[in-house]
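Asker: Handing you this structure, nothing more for now.
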Amino acid sequence: MPSILPVNLEDLLACRGVESQRVEFKAGWDPKTTGFQVLRTICAFANDLQNLNGGYVVIGVAEQGGRAIFPPPGLTDQAVEAAQKWIRGQCNRLDPPYQPLLSPETVADRRLLVVWAPGSETRPHRAPARDGSPRYWVRLGTETVDADQRGNLLSSLMEQAARVPWDDRRAMDATIEDLREAKVREFLHDVGSGLLNEPDTGVVYQHMRLTAPVNGHQAPRNVGLLFFSHDPLRWFRGAKIEVVQFTADRAGDVQEERTFSGALADQVRDCLGYLENLSTAHLQKQQDRSQVRGWVSYPLPALRETLVNAVYHRSYAADQPEPTKVYLYPGRIEVISYPGPVPGIEASHLALNASTPPVPARNRRIGEFLKELGLAEGRHTGLPKVFQAMAANGSPAPRFQFDEQRTFFQATLPAHPEYEALSALRDAAHLRVLGASKEALHRLESAWAVNPAAGVLAAELIREYGKRGEVQQSEAVLDTFAAEGPQGVLPHLRNVLANVLMDAGKPEKARQLLWKNSSLLFGQDAIDAAILARRLRDPLAAHQHFQRAGDAINADPRALLEFAQTKLQLSGKSRRARREDSRRRFLREARTLLERVLQLSAPPTRHAWAWRELARTLHWLGAPARDVADAYQKAIALLPEEARFVQELQERRRR
């Protein structure tokens with residue numbers, strides 16, 4: 001029997017595409033305890049206080065911290081049948097009656113029962129409390145609570161119950177034939193839903209809740225037409241995205257106009273592809289390593305979240321005929337949607353690190369489909385991700401605004417500040433080639449005065465002043481950037497200045513700067529700091545920085561080799577402190593890192609030193625002498641002029 005779930009079961013159990021607050025796990029089935037807990041949660045999901053389209057109860061799966069534990073304990077076939085019979089019977093006693101969809105499933109040979117309780121069109125519902133009295137239950141985060149006992153939740157529920165969200169309403173001027181079965185089945189394939197195997201198209205539409213009964217026949221819902229019709233513009237004039245590229249500010253000429261229409265998800269994908277192609281990338285090769293450091297004019301995660309939020313949270317009702325608009329200017333992108341945010345969202349909620357109140361969403365179905373397709377994140381996570389993506393790229397913070405009447409919502413993404421900076425860098429390099437070093441410095445200083453938030457200019461000036469012995473000037477550049485520039489670039493600039501300080505014979509100042517930087521480091525910046533710490537002969541700090549690098553270290557043979565050498569240093573410290581367990585742990589970890597270096601493409605010299613360090617590590621771990629000698633021989637073959645390799649091998653053989 002095919003699954004009736006419109007989502008992928010594995011994604012549901014992992015809370016991917018469906019937020020964790022919309023999923024509740026129960027390890028087993030007992031009608032006296034579990035049963036009434038499930039009944040109250042079904043009632044809460046049906047009441048759908050925040051317009052999230054209900055949720056799921058998974059029976060037969062234990063949880064810890066809101067996450068499923070695998071393998072699940074599962075249910076017996078008898079328990080699955082008993083639970084279905086009990087739930088159907090008790091849901092008929094809800095006030096008013098409400099029936100969720102029950103889907104027996106199998107995971108890892110264990111039987112489960114998934115209860116899907118979408119938002120109800122006949123809400124509000126009541127279910128019995130412990131004393132048997134009927135109560136209005138709602139969801140607050142991951143909890144099911146009594147609305148009567150939580151402030152004004154009951155009045156909010158009553159207000160919500162007075163209307164069905166627009167995207168879940170029936171489209172009376174369309175027919176079921178306006179839905180395209182091929183697009184529906186393409187969606188089910190993309191999300192990995194078992195409902196794809198259901199041969200009856202009408203059953204598929206009903207289980208996906210794309211249609212609803214009207215006078216004895218099925219009519220499409222608005223969300224079905226938005227996502228699965230050939231041309232949603234037939235019914236919804238605002239269901240398109242217009243992109244306009246200007247040569248200057250608003251008074252400038254229009255360089256290009258594009259319109260994206262069709263099914264809503266296709267609009268988003270096509271528009272994102274177009275915007276991604278317009279976002280230029282700058283990649284700077286790092287000396288003696290495989291990584292590059294770079295930025296883009298507009299980071300794709302920020303573009304994606306901004307556009308998807310506009311499409312998700314706008315209205316498509318007849319009184320909102322304006323399309324979603326994307327205006328491209330030389331220094332920014334503006335994304336405008338209509339109308340403004342729902343009541344309860346204020347300007348203060350759109351700032352960095354601000355929390356958003358749990359107000360009901362305008363659309364409960366649009367966001368659900370976008371999340372299942374991987375185009376949207378969980379609710380209230382979009383704006384934080386935009387801030388994070390812009391900061392990580394070194395871009396100025398995004399800006400969000402709407403008018404007092406809430407007729408529009410505008411998101412502005414400033415371009416990366418280093419467009420003009422790159423021009424200055426090229427000019428300075430050309431002047432240096434001509435021998436005009438003073439003019440090159442003046443060109444950098446002039447560009448810096450205009451754009452003190454440009455990280456590449458700041459880094460180049462710090463290095464340039466350092467070469468001239470003007471260390472105080474290098475420090476002044478960092479201080480100015482700290483006040484003017486994006487904070488995400490500061491760790492890199494502190495590393496650059498630390499390097500200058502070390503070259504200038506000021507190791508203690510460099511050490512203080514690295515310590516100040518430590519909590520902000522990740523990725524390539526953490527690797528750079530770790531290598532600087534090794535120059536300062538501080539293996540413990542180097543080890544901590546390498547650990548903060550995360551996945552960035554895995555493809556960098558130089559960093560892996562230096563990380564391994566750091567662990568060897570710490571193993572020596574552990575030996576002298578008579579901590580044998582720590583010593584052997586560091587040695588084993590060093591061996592793993594060195595073997596990784598030898599698997600990567602790297603210069604022969606790098607591989608030679610990796611073989612040498614592996615030979616020493618094997619010796620200290622007590623490996624057979626032939627394995628140690630073989631590693632030394634490989635090092636000697638790659639770097640025959642290095643006398644230490646031969647000398648160490650001979651010493652090992654004499655022992």
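The values are calculated or read from the model by the stated rules, or taken from the named source; none is laboratory data. Source: prediction; values computed, not measured. Neighbour counts run over all protein chains shown; Cβ positions are idealised from the backbone, glycine included. When the accessible area is computed, the model is the full protein with side chains, heavy atoms only, and any ligands, DNA or RNA have been set aside. Shrake-Rupley method; radii C 1.70, N 1.55, O 1.52, S 1.80 Å.
Asker: Given PHE546, LEU493, THR566, which one lies farthest toward the positive end of the charge dipole of segment 489-590, if we put +1 on the Cβ of every Lys and Arg and -1 on the Cβ of every Asp and Glu?
Answerer: Value computed over the given set: THR566.
Asker: Okay, moving on. Convert each backbone phi in segment 581-595 into a coupling constant with the Karplus relation 6.51 cos²θ - 1.76 cosθ + 1.60 (shift: θ = phi - 60°), then list the ³J(HN,Hα) values in order as whole Hz, x for Gly and Pro.
Answerer: 4, 5, 4, 5, 5, 4, 5, 5, 5, 4, 4, 4, 5, 5, 5
Asker: Let me ask something else about it. Would you please put 620-626, 608-614, 12-18 in order of how densely packed they are, using the mean number of other Cβ atoms within 10 angstrom per residue and starting with the highest?
Answerer: 608-614, 12-18, 620-626
Asker: Here's a follow-up. On average over all directions, what projected area in square nanometres does the chain have, based on the convex hull of its Cα atoms?
Answerer: Taking the Cα atoms of the chain, their convex hull projects to 38.7 nm² on average.
Asker: Can you give the % of DSSP beta bridges in the chain that are antiparallel, to the nearest 5?
Answerer: The antiparallel proportion sits near 85 percent.
Asker: Can I ask one more? With unit charges on the beta carbon (Lys/Arg positive, Asp/Glu negative), name the residue among CYS91, ALA389, PHE522 whose Cα is farthest towards the positive pole of the charge dipole of the chain.
Answerer: Farthest towards the positive pole: PHE522.
Asker: Roll a 1.4 Å probe over the protein heavy atoms and report the accessible area of ASP503 in Å², nearest 10.
Answerer: Using a 1.4 Å probe on the heavy atoms, I get roughly 110 Å².
Asker: Based on the inverse mean of 1/r over its pairs of different Cα atoms, what is the Kirkwood hydrodynamic radius of segment 115-170, in Å? Let's see the in-between values first.
Answerer: Numbers: mean 1/r = 0.0803 Å⁻¹.
Computed over Cα pairs of segment 115-170, the Kirkwood hydrodynamic radius comes out at 12.5 Å.
Asker: Further, regarding this structure: Taking the Cα centre of segment 415-562 as origin, sum charge times position over the Cβ atoms of Lys and Arg (+1) and Asp and Glu (-1), and report the length of that vector in debye to the nearest 20.
Answerer: So the dipole magnitude of segment 415-562 works out to roughly 460 debye.
Asker: Let me ask you something else. How are the Cα pair distances of segment 464-581 distributed, in percent, across 5 Å bins from 0?
Answerer: Spelled out bin by bin, segment 464-581 gives 2, 12, 21, 20, 18, 13, 8, 3, 2, 1 percent.
Asker: For LEU352, LEU300, LEU179, give me the order by solvent-accessible area with a 1.4 Å probe, most accessible first, ignoring ligands, DNA and RNA. Present the calculation step by step, with values, prior to reporting the outcome.
Answerer: Details: LEU352 110, LEU300 50, LEU179 10 Å².
From most exposed to least exposed: LEU352, LEU300, LEU179.
Asker: Report the local net charge at VAL204: Lys and Arg +1, Asp and Glu -1, summed over other residues whose C-beta lies under 13 Å from its C-beta.
Answerer: Net of charged neighbours comes to 0.
Asker: Sticking with this structure for a sec: When only C-alpha pairs under 8 Å and at least 6 residues apart count, what is the relative contact order of segment 10-126, in percent?
Answerer: Relative contact order, segment 10-126: 31 percent.
Asker: So, one more: Please give the calculated 222 nm ellipticity per residue for the chain, where each DSSP H segment of at least 4 residues contributes -39500 (n - 2.57) and the sum is spread over every residue; nearest 500 deg cm²/dmol? Numbers along the way, then the final one.
Answerer: On the way: 24 runs with 300 residues, N = 655.
Value at 222 nm, helices only, nearest 500: -14500 deg cm²/dmol.
Asker: Let me ask something additional. Enumerate the whole-percent occupancy of each 5 Å bin, from 0 to the last occupied one, for all C-alpha pair distances of segment 342-400.
Answerer: Bins of 5 Å from zero give 4, 16, 23, 23, 20, 11, 3 percent of pairs.
Asker: Could you tell me the center-to-center distance, by alpha carbons, between segment 320-358 and segment 124-143 in angstrom?
Answerer: Computed from Cα coordinates, the inter-centre distance equals 35 Å.
Asker: Turning to a different aspect of this structure: Let me know the Kirkwood hydrodynamic radius for segment 1-124, please, with Cα pairs as the basis and the value in Å to one decimal.
Answerer: Final number for the Kirkwood radius of segment 1-124 is 14.4 Å.
Asker: Rg/Rh for segment 46-180 to two decimals, with Rh computed the Kirkwood way over all alpha-carbon pairs.
Answerer: 1.02
Asker: Can you compute the radius of gyration and Dmax for segment 138-250, using only the Cα atoms, both in Å?
Answerer: 19.1, 58
Asker: Separate question: Quote the charge dipole size of the chain about the Cα centre in Debye, to the nearest 20; the model charges only the Cβ of Lys and Arg (+1) and of Asp and Glu (-1).
Answerer: 2960 debye
Asker: Right, something else. Counting other Cβ atoms within 10 Å, which trypsin sites (Lys or Arg not before Pro) in segment 460-527 have at most 10 and lie in a DSSP loop? Don't jump to the answer; show the numbers that get you there.
Answerer: Numbers: sites: ARG463, LYS467, ARG468, ARG494, LYS509, ARG511, LYS516; in loops: ARG468.
Loop-located and lightly packed - none at all.
Asker: Among THR33, SER20, THR106, whose Cα sits farthest toward the positive end of the charge dipole of segment 6-112 (+1 at Cβ of Lys/Arg, -1 at Cβ of Asp/Glu, about the Cα centre)?
Answerer: Farthest towards the positive end: THR33.
Asker: If you don't mind, there's one more thing I want to ask. Ordering TRP137, TRP515, TRP86 by how much accessible area each has at a 1.4 Å probe, largest first, what is the list?
Answerer: Descending order: TRP515, TRP86, TRP137.
Asker: List, in order, the whole-Hz ³J(HN,Hα) value for each residue of segment 611-620 obtained from phi through the Karplus relation with A = 6.51, B = -1.76, C = 1.60 and θ = phi - 60°; use x for Gly and Pro.
Answerer: Karplus-based 3J(HN,Hα) across segment 611-620 equals 5, 4, 5, 5, 4, 5, 5, 4, 4, 5 Hz.
Asker: Can you give me the orientation-averaged projected area of the convex hull built on the Cα atoms of segment 292-377, in nm²?
Answerer: Values: hull surface 31.3 nm².
Projected over every direction and averaged, the Cα hull of segment 292-377 covers 7.8 nm².
Asker: Further, regarding this structure: How large is the accessible surface per residue of segment 498-644, computed with a 1.4 Å probe and reported in Å² as a whole number?
Answerer: Values: 7540 Å² over 147 residues.
Each residue of segment 498-644 exposes 51 Å² on average to a 1.4 Å probe.
Asker: Got a sec? What order do GLU242, GLU562, GLU580 fall in by accessible area at 1.4 Å, biggest, i.e. largest, first?
Answerer: The most accessible residue leads, giving GLU580, GLU242, GLU562.
Asker: If you don't mind, there's one more thing I want to ask. On each of the three principal axes of the Cα atoms of segment 362-467, give max minus min coordinate, whole Å, ordered largest first.
Answerer: 65, 33, 20
Asker: Compute and list, largest first, the equivalent-ellipsoid semi-axes of segment 534-621 from the alpha carbon gyration tensor, each √(5λ) rounded to a whole angstrom. Show your work: numbers first, answer last.
Answerer: Values: eigenvalues 84, 48, 23 Å².
Equivalent ellipsoid of segment 534-621: 20, 15, 11 Å, largest first.
Asker: Defining a contact as two alpha carbons under 8 Å apart and six or more residues distant in sequence, what relative contact order in percent does the chain show? Please list the in-between numbers first.
Answerer: On the way: 1126 pairs, mean separation 55.1, N = 655.
Relative contact order for the chain comes out at 8 percent.
Asker: With a ≥ b ≥ c taken as the square roots of the eigenvalues of the C-alpha gyration tensor of segment 428-511, please select rounded if a/c is under 1.5 and otherwise prolate if a/b is larger than b/c or oblate if it is not?
Answerer: oblate
Asker: Next question, about the same structure. Please report, to one decimal in angstroms, the Kirkwood hydrodynamic radius of segment 603-655 built from all distinct Cα-Cα pairs. Display every interim value, and only then the final one.
Answerer: Numbers: mean 1/r = 0.0937 Å⁻¹.
Answer for segment 603-655: a Kirkwood hydrodynamic radius of 10.7 Å.
Asker: Based on the Cα gyration tensor of segment 187-258, what are the three equivalent ellipsoid semi-axes, each the root of five times an eigenvalue, rounded to whole Å and given largest first?
Answerer: 39, 17, 7
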